[in-house]
Amino acid sequence: MWTFRARCRRETSSMVIKWSRCRHTYTVSAPIAWKSRMQRGGRMPELPEVETIVRGLNSVTGARIERVDVFDQRLNPPKSKISGRTIERVERRGKYIVINLAEGGSLIVHLRMSGRLALKRPTAEEKHTRFILHLDDGRKIYFINPRRLGTVEYTVDGFPYELGIEPLSREFTAERLRDLVAGSRAPIKPLLMDQKKIAGLGNIYSSEALWRVKIDPRRIAKTISDDEARKLHRAIQSILRQAIESAGTTFGYTVSDYRDAYGDYGKFQEMLAVYGRAGEECPRCGEGIMRIKQAGRSTYF
């Protein structure tokens, strides 16, 4: 192994460049102090977090919406078309929450970076509440949206967005994944995050899945072999199911961090191998975990 040191203009400490046995390439290990600062910030809820919230909201099925309070006029859902309607079911499509109403019509919610739908609301979150659905059984559904990036819309024409295959559906097979990557010159990680190809898979779980099967996230998608596609397919489904069982991933304890419908934090962050761990030792080879940018998003491997 060849190792040499290079000065880092951003820090007085040095960077280490060395040959990686795990990645079969040269790696640059930066000081943990400045990399840890880069790791902070809000993360968009992905499939496991949205699925956890949806499962928490399933108990409102059959309840009637008596009143709608809107505190952010940018959302502007049509109160007259929602009030008096019965909730038929709550489901997930990709990273969207869909509240289907009896006799047609749906509320479609995207949480973005900091939003959540909740059945319980701490006092500290009152000022971040953008709308409330008052139900006939006395319960309330709160849309808490601190950074005001989340969206709510009403539609009578079905789900309006073009999304890819659901990664936990029966249709998502290893062969289907192989077809998705075949012929693509895009790096494999951004391709996995393309919502028009695979719905709901995001930054956290694509990083973890690729690490688990030892595929470099920078590899051109079409170079993935049939055997690698089978392993990657298993890893994606396994990680997503494990994350759902752990109620998702929470990285902090502010009003902007993910919680489920009852205000409880996720636990999958305790099981992450590489995501958000830049500079720490790789649990497989012991070398420093790297962080790079791909399509404007952080990748860890």
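Read the figures in this text as sums done on the coordinates, not as results from a lab. For clarity, every value in this text was computed on a predicted model and none was experimentally measured. Note that each Cβ is placed from the backbone with ideal geometry, even for glycine, and that neighbours are counted across all protein chains shown.
Structure summary
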quantity	calculated
Most mobile of Arg130, Arg185, Arg93 in a GNM of the chain (Cα contacts under 10 Å)	Arg185
Convex hull projection area averaged over all views, the chain, Cα basis, nm²	17.3 nm²
For region 47-155: relative contact order, % (alpha-carbon pairs under 8 angstrom, 6 or more apart)	30 percent
Acute angle (nearest 10 degrees) that the helix 203-212 long axis makes with the longest principal axis of the chain, alpha-carbon atoms	40 degrees
The chain: calculated mean residue ellipticity at 222 nm from DSSP helix runs of at least 4, using -39500 (n - 2.57)	-6500 deg cm²/dmol
For region 216-301, alpha-carbon Rg over 2.2 N^0.38 Å	1.27
Violating pairs (Cα-Cα greater than 23 angstrom) within the set Lys189/Lys214; Lys197/Lys222; Lys189/Lys222; Lys81/Lys127	Lys81/Lys127
Positive-end residue, the chain charge dipole about Cα centroid, Cβ charges, pick of Val156, Val213, Leu177	Val213
Among Gly115, Gly94, Gly183: highest mean-square fluctuation, GNM of the chain, C-alpha pairs under 10 Å	Gly183
Order of Lys189, Lys120 under a 10 Å beta carbon neighbour criterion, fewest first	Lys120, Lys189
Relative contact order, percent, the chain [alpha-carbon distance under 8 Å, six or more residues apart]	19 percent
Normalised contact order of region 174-300, rounded percent, pairs of Cα under 8 Å and 6 or more residues apart	22 percent
0 to 90° range, to nearest 10: angle between helix 47-57 axis and the chain longest Cα axis	20 degrees
